[in-house]
Amino acid sequence: MASKGKPSPRSAVPALSDQQVALLAQRHRLVDPTRYYPTGHRTPELDEIDGQHPVGTTRLLRGVSQVVRDSCRVYAWGLERVPETGPFITAATHVTQFDVFIPMMALFHLGRRPRYMAKAEMAHWPLIGSWFRMVGMQPVERKSGKARSIEEESISIITSGRPLTIWPEGTVTRDPLKWPMSLKPGVGFIALEASRQLGRMVPLYPSITWGAASINHKWPWPRKNVVMCYDRLLDYSDLLEDMDQWGAEPPKQSVHALCVRLRNRMEEVMAEIRGEEPPTAGYFDYVTMTRRPRSEQ
């Protein structure tokens, strides 16, 4: 099923300037996520690594990292927050098809091997499809009636002890200025239900990447700046206080509240990276394809 609307062109937003990167470097410790253990020594999760095509994945990671370095100057902060063991959820922004590789690459360089929810068509793309399957892609059939099976598979991944990465917007943002748009409810349902099954709050981390929207992939030089923030743990413990009384599934209002909380935080961090304020008219709603007041989320 094709997504409605089209992403805005590269000309819709300016490139991330050297001055803005320098300002971010004054506030945060920026590291190179294209290299192994950029925040210092860590203990890699060997069971995950050995169980996921270790030789092929290592070669693919080396190639992807080189392509990224050739295409842009990429920086990151907050990677020390990535847990060394146990399940967690990474909820990543989706501004371009290219920026999905930034958090994937960063987490692999930190010794973790998350599973990834991605549209099923990608699994059948020549060559690239086999690469995606190698690095832990979980195909998603974007068809009516499939949402619950996708959510159940995602919850199973987490409760089995594996980390999971989700792009909760469901597709590349349709916001004309490329801010995070409304999120699909799946991320809220998955986090809440997995937490209930495990009896504790599953760590949920927003991952925000900006700058890749300005890259011309046919001729990427001069290289553009790309910055990723692996943000602090998003606290949603208050939404779990009555989880023993939910019944068959998490309440829809709790799912919605978590999605709004996550989207707002993504927007807040992206504003810092970009060095500009998000549109005062509100957020972009994918359902109506219009900008709506934040009070109506």
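The values are calculated or read from the model by the stated rules, or taken from the named source; none is laboratory data. Model, not experiment: these values are computed from the prediction. Virtual Cβ from ideal backbone geometry, glycine too; neighbours counted across all protein chains shown. Note: accessible area is taken over every heavy atom of the protein model, side chains too, but ligands, DNA and RNA are not part of it. Shrake-Rupley method; radii C 1.70, N 1.55, O 1.52, S 1.80 Å.
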Note to self: Between region 237-265 and region 14-73, what is the separation of their alpha carbon centroids in Å?
What the structure shows: 32
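Please sort 37-46, 16-25 by packing, taking for each peptide the average over its residues of neighbouring beta carbons within 10 angstrom, highest first.
On the way: 37-46: 13.4, 16-25: 15.0.
Highest to lowest by the protection proxy: 16-25, 37-46.
May I ask you to compute the full-extension gain from Gln26 to Ser295, defined as 0.36 nm times their residue separation minus their alpha-carbon distance, rounded to one decimal in nm? Mind dumping the intermediate values first?
Details: separation 269, 0.36 × 269 = 96.84 nm, distance 3.32 nm.
My answer for the length gained is 93.5 nm.
Shape call for region 1-123 from the C-alpha gyration tensor, a ≥ b ≥ c root eigenvalues: rounded (a/c under 1.5), prolate (a/b greater than b/c) or oblate? If you can, show how the numbers build up before the last one.
Values: a/c = 1.82, a/b = 1.15, b/c = 1.58.
Since a/c reaches 1.5 but b/c is at least a/b, the shape of region 1-123 is classed as oblate.
Of the listed peptides 249-257, 88-96, what is their order by residue-averaged count of other C-beta atoms within 10 Å, with the highest listed first?
Per-residue Cβ counts within 10 Å, averaged per peptide and sorted highest first, yield 88-96, 249-257.
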Next item on the list: Work out the length of the dipole vector of region 164-265 about its Cα centre, built from +1 on the beta-carbon of each Lys and Arg and -1 on the beta-carbon of each Asp and Glu, and round it to the nearest 20 debye.
Entry: 740
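Calculate, in nm to one decimal, what Glu268 and Gln19 gain on full extension: separation in residues at 0.36 nm each, minus their alpha carbon distance.
Working: separation 249, 0.36 × 249 = 89.64 nm, distance 1.97 nm.
Stretched fully, the Glu268-Gln19 segment lengthens by 87.7 nm.
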Next item on the list: Using +1 at the Cβ of each Lys and Arg and -1 at the Cβ of each Asp and Glu in the chain, identify which of Leu240, Pro87, Gly211 lies farthest towards the dipole's positive end.
Entry: Gly211
Notebook entry, point to check: Taking the Cβ-Cβ separation of His217 and Leu46 as r and a Förster radius of 30 Å, what is the calculated FRET efficiency to the nearest 0.05?
Noted result: 0.30
Notebook entry, point to check: Quick one: if you stick a label point 7 Å off each Cα along the C-beta vector at Ala281 and Gln253, how many nm between them?
Noted result: 3.2
Check: Accessible area per residue, 1.4 Å probe, Å², for the chain: what's the number?
Finding: 46
Item checked: Förster radius 25 Å - calculated FRET efficiency between Gln66 and Tyr37, Cβ distance, rounded to 0.05 -> 0.90
Check: What is the set of long-range amide H partners of Tyr75 at a cut-off below 5 Å, with H atoms built 1.01 Å from backbone N?
Finding: Val226, Val227, Met228
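What percentage of the solvent-accessible surface of the chain, computed with a 1.4 Å probe over protein heavy atoms, is contributed by carbon and sulfur atoms? If you can, show how the numbers build up before the last one.
Values: 7390 of 13640 Å².
In the chain, the share of accessible area belonging to carbon and sulfur is 54 percent.
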Next item on the list: Compare the peptides 282-291, 236-245, 156-165 by average per-residue count of other Cβ atoms within 10 angstrom and give them in order, highest first.
Entry: 156-165, 282-291, 236-245
